[in-house]
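The structure appears right after this line, and notes come after that.
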């Protein structure tokens with residue numbers, strides 16, 4: 001069974017992140033536990049998947065997503081259906 005997160009509307013943070021993506025700028029999210037960082041990140045990555053995925057795949061490019069916990073890596077990867085477009089890992093795994 002495929003699971004897709006459905007959010008009825010974007011938050012202000014989601015809109016700010018999306019603007020960074022449209023402008024092709026990097027961004028960092030810093031917020032407390034339970035604030036919705038992972039949900040916002042998945043929303044952003046799904047936006048990239050839908051809007052930039054075909055071009056990125058054609059150009060043999062991937063998206064790096066760095067997070068702090070292995071739990072977040074599993075949640076993000078799973079909700080993106082383990083799409084090889086994304087390299088999701090912890091800060092330590094990228095080092």
Filtering the range 14-26 down to residues that are under 23 Å from residue 89 (Cβ atoms), free of Cβ contacts under 8 Å to residues at least 12 places away in the same chain and surrounded by 13 or more Cβ atoms within 10 Å (Cβ to Cβ) yields 20
Evaluation of residue 49 against (1) surrounded by 11 or more Cβ atoms within 10 Å (Cβ to Cβ); (2) in contact with a strand residue (DSSP E or B) (Cβ under 7 Å, 6 or more places away or on another chain) (one fails), failing number:
(2)
One residue is enough: does the range 70-89 have a residue meeting the conditions closer than 20 Å to residue 37 by Cα and modelled with pLDDT under 90?
no
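The values are calculated or read from the model by the stated rules, or taken from the named source; none is laboratory data. As the structure is a computational prediction, the values presented were derived from the model and not from experiment. Note: ideal-geometry Cβ built from the backbone for every residue, glycine included; neighbour counts use all protein chains shown.
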